[in-house]
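Each remark here refers to the structure printed beneath this line.
Each value in this text was obtained by applying a stated rule to the coordinates, not by laboratory testing. As the structure is a computational prediction, the values presented were derived from the model and not from experiment. Cβ atoms come from the backbone with ideal geometry, glycine included; neighbour counts cover every protein chain shown.
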Amino acid sequence: MLRYLALGIRRFGLYPMHVHQRDNWEFFAVLRGECGAVVADTDELVLRQHHLWVFPPEVAHGWKGQGPSRCKVGVFHFGKVPPLMEKIVDQQRFLESDLTALQVRRIAEIHEELRAPYGSVTEKSLMIFEKALLELSLMALSQTPFASDQSGGDYALDKVQECLSWYSEHMPEQPKLEHVAVAGHVSARHLRRLFWQARRESPHAAFTRLRLDHAMGLLSLSNLKLDAIARQCGFSGSSDLCRVFKMHHHVSPDVWRKRRFPSNPTPADGRR
């Protein structure tokens, strides 16, 4: 889901953005002028024009520029990215790519297309966010070389994605790893190895992220009670949802919803 959206003029030479970790995946594009990314463990600064960076949440970074020069940037934060993007970024720490003039214009258009659904989230908004994420991801990966598909090297990634899709469809049923493995025609032990090979994480961690992302979507879309959201996202109840949500996002679901959507109505009939 889209978590943050911005397009505007910056003077990073006069007002640099300090190095820190983000809570989400950041797509950062310089559309006019120039600026550069500063990563936590390096002092190197290379100014770029017409450039796109993708940073995962765990890589601290900031932005600098040259003197009073202005640059126009577009910034998009997402809670998750496609598995292929995770795999590539895991190998390189972050991803960057030059932008064509057509891509620069398209990023500005994507921002404009996202403004309305971001300001008033509906079920259709989630589809628009997903479309934008895929388009931005393809831009970021456009200059990344890939090995031939004939080698079968993408088997782990394909199988993991297949199992994640199945899990998403059956999330309210709270399927165990063994059930997911059966649906993917592999053993639970082998599925754990595939997840680590493709994503460098356990199936449990990936399933938890899916459940939390789905919960955030439901929190954004309506004033559903937490018990109802918990059931749809595969949690045993509102207490389980609150515990896991707070563990990962450091706030309760109620607080997150009020901060993100302060105008949303609050259910009036008892505990959520």
| task | Classify segment 1-81 as rounded, prolate or oblate, taking a ≥ b ≥ c as the square roots of the eigenvalues of its Cα gyration tensor: rounded when a/c is under 1.5, otherwise prolate if a/b is larger than b/c and oblate if not. | result | oblate
| note | Helix 238-249: inclination vs the chain longest Cα principal axis, degrees, rounded to 10, gives 20
| said: Please give me, ordered by residue number, the GluC sites (Glu not before Pro) of segment 1-53 that lie in loop per DSSP and have at most 14 other Cβ atoms within 10 Å. | reply: 44
| query | Between residue 178 and residue 102, what is the spin-label point distance in nm, taking each point 7 Å from the Cα along the Cα→C-beta axis? | reply | 5.3
| query | What does the helix-only formula give at 222 nm for the chain: each DSSP H stretch with n ≥ 4 adding -39500 (n - 2.57), the total divided by the residues, and the result rounded to the nearest 500 deg cm²/dmol? | reply | -14500 deg cm²/dmol
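Please compute the length gained on full extension between residue 138 and residue 20, using 0.36 nm multiplied by the number of residues separating them and subtracting their Cα-Cα distance.
Extending this stretch completely gives an extra 39.9 nm.
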| Between residue 92 and residue 66, what is the spin-label point distance in nm, taking each point 7 Å from the Cα along the Cα→C-beta axis? | 2.4
| request: Evaluate the relative contact order of segment 66-181 (contact order divided by residue number), counting alpha-carbon pairs under 8 angstrom at least 6 apart; express in whole percent. | output: 30
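Sort the chain into rounded, prolate or oblate with this rule: let a ≥ b ≥ c be the square roots of the eigenvalues of the Cα gyration tensor; rounded if a/c is under 1.5, and if a/c is not under 1.5, prolate when a/b is larger than b/c, oblate otherwise.
oblate
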| Sequence-separation-based contact order of the chain, relative, with Cα cut under 8 Å and 6+ spacing, percent | 16
| query | Sorted by packing (mean other beta-carbon atoms within 10 Å per residue), highest first, where do 94-105, 78-89 land? | reply | 78-89, 94-105
